[in-house]
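Chemist: Have a look at this one before I ask anything.
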Amino acid sequence: MSAGVSAHSDRIDRATSSFCGHCGEPDDGGAGPASDPHLRCREQLEFEPPRYCTHCRRRMKVQVTPLGWTSQCTRHGVFVQ
Amino acid sequence: MTIQANLPTSYEILATARKQVLEEGRGLTQEQLVDVLSLPDDALPAALQLAHEVRLRHCGEDVEVEGIVSIKTGGCPEDCHFCSQSGLFDSPVRGVWLDIPELVKAAKETAATGATEFCIVAAVRGPDIKLMNQIKFAIDRINEAVDINIACSLGMLTQRQVDQLKDWGVHRYNHNLETARSYFAEVVTTHSYEERLETCNMVKAAGMELCCGALIGMGESLEQRAELAAQLAALEPHEVPLNFLNPRPGTPLENQGIMDGKDALRAIAAFRLAMPRTVLRYAGGRELTLGDLGTREGLLGGINAVIVGNYLTTLGRPATADLSLLVELNMPIKELQKSL
């Protein structure tokens, strides 16, 4: 994907994600809740925007406003609420 | 609910508070606040009910709604141990500036919710000339576009900066004490409690409304929580935003547990009983600490203001959820007053 800005849904497609948007660690997808190491991360993402790009784990520029947020990866574009 | 004649010993503080705070309008002392914060769970509904009565009698039924936004996020030189925006910690929060058109858009969106307050926040020790110029420009653009009171939170100020903000029409300035004087050095080492007080006192002396808040659940004792409430009461701020620690990754407090919801509700009641006439605002962390049910209990337990929507780096409840709750509770939103 080019470095140009593009809009994504805030719902991360875990089938195509390589990294956790909350902690930036590899996202193995998990076999289910009991074995999913990122279960708590997903709970946290209910209360904060993703800080890491799920494609390349770069730290993103995040801007939060009262009624929305954007997370921008320099390589993979912008995630918006 | 009224306090029955045959009270358990632990309820005696509530009978005292009913007379002292509700009827006479005098806040509880630090020692009395310890008793409130130590109430058993079965006394909590009575404490919240009394705090609600105090709020209604001394503040009225209106709820003040505010939106907050960060104009400069991250990269702060201070080491407030709870804050993900410190540049001294290994936090995932990156430094970023919000541009003015986005700021104006946020102000418009905030006003559309019925909010009367819009607070511009910067993660700095104190503002430099560049930031002050940005703030002046932002205030002018917001005032051109939307009718809303503008508040600022820019760290520690000089007297000249206080005077400038007042001249530019900033009607309220936020600078939190965060925690008790006796616990402050455990939480912040790059500036002192006294430096915070100095800015608070300058703001008040200049005639701006002072918004001075608390962050509880950082490991302080109940006695220190009472100390904080008493120290805030002595400052007589117009508004006290009450935050509950949301442990942030990479900060020294990241492994501090989320405080117990009942302790949080006891704190709400205690802060109201310490400051019967102050705007007591729900601020950050309530979603984690109290959830939906606790939000309702707090609004019926002394809270009379909310931050609508998101916070500076984390997300709040949907604005519609809080606004619907206010309708359900028959609590009108405070209307806009441009003059102090």
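Chemist: Can you give me the angle between helix B:261-274 and the longest principal axis of chain B, using Cα atoms only, in degrees from 0 to 90, rounded to the nearest 10?
Modeler: The answer is roughly 90 degrees.
Chemist: With N residues in the range B:71-201, what two-decimal value do you get for its Cα radius of gyration over 2.2 N^0.38 Å? Provide the component values of the computation, followed by the final result.
Modeler: Working: Rg = 15.2 Å, N = 131, 2.2 N^0.38 = 14.0 Å.
Here the answer is 1.09, to two decimals.
Chemist: Also, I was wondering about something else. Which value, in debye to the nearest 20, describes the size of the charge dipole of the protein assembly as shown about its Cα centre when Lys and Arg Cβ atoms bear +1, Asp and Glu Cβ atoms bear -1, and nothing else is charged?
Modeler: Using Cβ point charges on Lys, Arg, Asp and Glu, the protein assembly as shown gives about 960 debye.
Chemist: Right, another one. Just to confirm my numbers, what's the Cα centroid distance between the range B:76-97 and the range B:149-226 in Å?
Modeler: Cα centroid to Cα centroid, the span is 18 Å.
Chemist: OK, next. Taking the Cα atoms of the protein assembly as shown alone, what are Rg (to one decimal) and Dmax (as a whole number) in Å?
Modeler: Gyration radius and largest Cα-Cα distance of the protein assembly as shown: 21.5, 74 Å.
Chemist: Can you give the local net charge around B:GLU220? Use residues other than it whose beta-carbon is closer than 12 angstrom to its beta-carbon, Lys and Arg +1, Asp and Glu -1.
Modeler: -3
Chemist: Apply 1/(1 + (r/R0)^6) to the Cβ-Cβ distance of A:GLN81 and B:ASN255, taking R0 = 22 Å, and write down the FRET efficiency to the nearest 0.05.
Modeler: 0.15
Chemist: In chain B, which longest range has no GluC sites (Glu not before Pro) that are both DSSP loop (not H, G, I, E or B) and surrounded by at most 13 other Cβ atoms within 10 Å?
Modeler: The longest such stretch corresponds to B:62-334.
Chemist: Give the shape of the range B:55-328 as rounded, prolate or oblate, defined through the alpha-carbon gyration tensor: a ≥ b ≥ c are the square roots of its eigenvalues, a/c under 1.5 means rounded, and otherwise the shape is prolate if a/b is larger than b/c and oblate if not.
Modeler: Rounded, since a/c falls under 1.5.
Chemist: What is the helix-to-structure angle for B:193-206, meaning the angle in degrees between its Cα long axis and the longest Cα principal axis of chain B, kept from 0 to 90 and rounded to the nearest 10?
Modeler: Here the helix axis deviates by roughly 80 degrees.
Chemist: Treating the angle as unsigned and between 0 and 90°, give the value, to the nearest 10°, between the Cα long axis of helix B:129-145 and the longest Cα principal axis of chain B.
Modeler: 80
Any read-out appearing in this document is the output of simple, stated calculations on the displayed coordinates, not a laboratory observation. What you see is a predicted model; the values in this text were computed from it and never measured. Ideal geometry is used to build each Cβ from the backbone, glycine not excepted, and the neighbour counts take in all protein chains shown.
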